[in-house]
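Student: This is the structure I want to talk about, given as structure tokens.
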Amino acid sequence: MTSSCLVQVGGFLSAGLAIFHSLFDRVFEWKNDIQKLNPINGKVLYTIHIFMIPFFVLYSIISLCFSDTLVNGTPLSKALLIFYVLFWLARGLWQWYFFDPSKLNAPRRQLALHYGLMLVSGLFVLCYGLPLFL
């Protein structure tokens, strides 16, 4: 698989995450849970979540429309790849540590999501990291 194809796979993953984030309210039934929080904490949590959607959309567009440019080895393209690799490496480690299933009483659906997010994080690291070395 070429570097450009790897980045495009990452672009599709980013688009999928943007869609998934737009469904968080329904998937996680946030309406009830957020109302239990201090109003400012609920608004901060929801704001951070909402503003992740355009971040994923942007990386999806960059990856799908400009994959050849993203892997051409310029300082800017390397910086964008390194940023996304570090972002997803940190996100995967955070998922592993902070959402440790042995410390949470989580339903099976959430356990599947936990391991799925770890897998997706690893795929992002590969899709954006391997082009730095190919």
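Student: For segment 91-110, enumerate the residues that are at pLDDT 95 or above and either closer than 19 Å to GLY11 by Cα or among the basic types (Lys, Arg) (or both).
Tutor: Listed by number, the residues that qualify are ARG91, GLY92.
Student: Filtering segment 31-57 down to residues that are aromatic (Phe, Trp, Tyr) and out of contact with any Leu (no Cβ under 6 Å at 6 or more places or on another chain), which residue is modelled with the lowest pLDDT? Before the answer, list the steps.
Tutor: Going through segment 31-57, the residues aromatic (Phe, Trp, Tyr) turn out to be 46, 51, 55-56.
Right, trim to out of contact with any Leu (no Cβ under 6 Å at 6 or more places or on another chain) and you get 46, 51, 55.
Working: TYR46: 89, PHE51: 95, PHE55: 96.
Per the criteria, the residue is TYR46.
Student: Mind checking whether some residue in segment 63-80 is at pLDDT 95 or above, more than 20 Å from MET118 (Cβ to Cβ) and touching a Cys at 6+ places or on another chain (Cβ under 9 Å)?
Tutor: yes
Student: Moving on to the next point. Only one of VAL71, VAL85, VAL27 is within 13 Å of GLY10 (Cα to Cα), within 17 Å of the chain's Cα centre (by Cα) and β-branched (Val, Ile, Thr); which?
Tutor: On the way: VAL71 fails: within 17 Å of the chain's Cα centre (by Cα); VAL27 fails: within 13 Å of GLY10 (Cα to Cα).
Answer to the selection: VAL85.
Student: Looking at SER22, SER3, SER14 in this structure, which one is closer than 27 Å to PRO131 by Cα and within 19 Å of the chain's Cα centre (by Cα)? So that I can check it myself, show each step before the final result.
Tutor: Numbers: SER22 fails: closer than 27 Å to PRO131 by Cα; SER3 fails: within 19 Å of the chain's Cα centre (by Cα).
The match here is SER14.
Student: List every residue pair whose Cβ atoms lie under 8 Å apart, where the two residues are 6 or more positions apart in sequence or sit on different chains, the first residue falls within segment 1-27 and is closer than 18 Å to ASP68 by Cβ and in contact (Cβ under 8 Å) with a residue 12 or more places away in the chain, and the second residue, located anywhere, is exposed (fewer than 15 other Cβ atoms within 10 Å of the Cβ) and of a type in the set (D, E, K, R).
Tutor: SER4/ASP68
Student: Still on this structure: Which pairs turn up if I take residues in segment 83-104 that are within 17 Å of LEU130 (Cα to Cα) and among the hydrophobic types (A, V, I, L, M, F, W, C) and look for partners that are buried (at least 17 other Cβ atoms within 10 Å of the Cβ) and at pLDDT 95 or above with beta carbon separation below 6 Å, at least 6 apart in sequence or on another chain?
Tutor: Filtered contacts from segment 83-104: VAL85/VAL125; VAL85/TYR128; VAL85/GLY129; TRP88/SER121; TRP88/PHE124; TRP88/VAL125; LEU89/VAL125.
Student: Output the residues belonging to segment 1-30 that are within 28 Å of SER77 (Cα to Cα) and of a type in the set (A, V, I, L, M).
Tutor: MET1, LEU6, VAL7, VAL9, LEU13, ALA15, LEU17, ALA18, ILE19
Student: Can I ask one more? Any residue at all in segment 35-52 that is small (Gly, Ala, Ser) and touching a Ser or Thr at 6+ places or on another chain (Cβ under 7 Å)?
Tutor: Initial filter on segment 35-52 (small (Gly, Ala, Ser)): 42.
Among the residues that remain, those that are also touching a Ser or Thr at 6+ places or on another chain (Cβ under 7 Å) are: none.
No; the residues of segment 35-52 include none that is small (Gly, Ala, Ser) and touching a Ser or Thr at 6+ places or on another chain (Cβ under 7 Å).
Student: Further, regarding this structure: What helices (runs of 4 or more DSSP H) lie completely within segment 1-97 and have 2 or more residues being buried (at least 16 other Cβ atoms within 10 Å of the Cβ) and of a type outside the set (Phe, Trp, Tyr)?
Tutor: Answer list for segment 1-97: 3-22, 39-65, 67-70.
The values are calculated or read from the model by the stated rules, or taken from the named source; none is laboratory data. These numbers come from a predicted model, not from an experiment. A quick note on method: Cβ atoms are made from the backbone with ideal geometry, for glycine too, and the neighbour counts reach across all protein chains shown.
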